[in-house]
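To start, the structure itself, in structure tokens.
The values are calculated or read from the model by the stated rules, or taken from the named source; none is laboratory data. Keep in mind it's a predicted model, so treat the numbers as computed, not measured. Every residue, glycine as well, gets a Cβ built from its backbone with ideal geometry; the counts of neighbours run over all protein chains shown.
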Amino acid sequence: MDLSNLKPANGSVKTEKRIGRGQGSGRGGTSTRGHKGAKSRSGYSRKAGFEGGQMSLVRRLPKFGFKNRFRVEYIGINLDVIQQLVDKKDLKVITPEVLTENGLSSRKDLIKILGRGELNATIEVTAHKFSATAIKAIESKGGKTNTL
């Protein structure tokens, strides 16, 4: 055996259908495209969503809704969650980095401190936004709020 007599196994390679090479080939004439119509023409490509002339689904359904491109999304963190974090880690300063380290937000999130729950510790909190009740609760315990 040598390189001159290598060939693929029987049945593993099929011969290509040569379409449109005359009547004698058995695939001449309409060249397997049938008679007339858009699909028989050269250069045919169907538009996305075309349903054979029927009104397409996209056009049958009503338009609704609106997406505001300028919406700013904040991650809300409540005072009871901050109190649990202070109890567990014995912290005096809460920053976005501290919240990220403890799995409460990701690095790029904007953080808003919300006023649900009870706060017992005197802490300094730094965040992007605060609710009025959160500011009142933090400052009533002698803490500070810093807005980024």
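Selection of first residues in segment 29-43 that are free of Cβ contacts under 8 Å to residues at least 12 places away in the same chain and of second residues that are in a loop (DSSP other than H, G, I, E, B) and small (G, A, S), restricted to Cβ pairs under 8 Å at least 6 apart or on distinct chains, gives the following pairs, ordered by first then second residue: S40/G34.
Among the residues making up segment 55-68, a single one is surrounded by fewer than 10 Cβ atoms within 10 Å (Cβ to Cβ) and of a type in the set (G, A, S): G65.
The test for being surrounded by fewer than 12 Cβ atoms within 10 Å (Cβ to Cβ), over 27 Å from the mean Cα position of the chain (by Cα) and within 30 Å of G20 (Cα to Cα) holds for G52.
Identification of helices (runs of 4 or more DSSP H) wholly contained in segment 34-126 with 3 or more residues that are outside the structural domain of I138 (by TED's automatic domain parsing) and farther than 30 Å from E139 by Cβ yields 57-60. Can you tell me which residues in segment 95-148 are surrounded by 15 or more Cβ atoms within 10 Å (Cβ to Cβ), touching a residue at least 40 places away in the same chain (Cβ under 8 Å) and farther than 13 Å from I82 by Cα? Hits for segment 95-148 are H128, K129.
For (1) polar (S, T, N, Q); (2) modelled with pLDDT of 95 or more; (3) under 30 Å from A132 (Cβ atoms), each residue gets a yes or a no:
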{"position": "K7", "(1), (2), (3)": "no, no, no"}
{"position": "G20", "(1), (2), (3)": "no, no, no"}
{"position": "G24", "(1), (2), (3)": "no, no, no"}
{"position": "S31", "(1), (2), (3)": "yes, no, no"}
{"position": "L79", "(1), (2), (3)": "no, no, yes"}
{"position": "D87", "(1), (2), (3)": "no, no, yes"}
{"position": "G103", "(1), (2), (3)": "no, no, yes"}
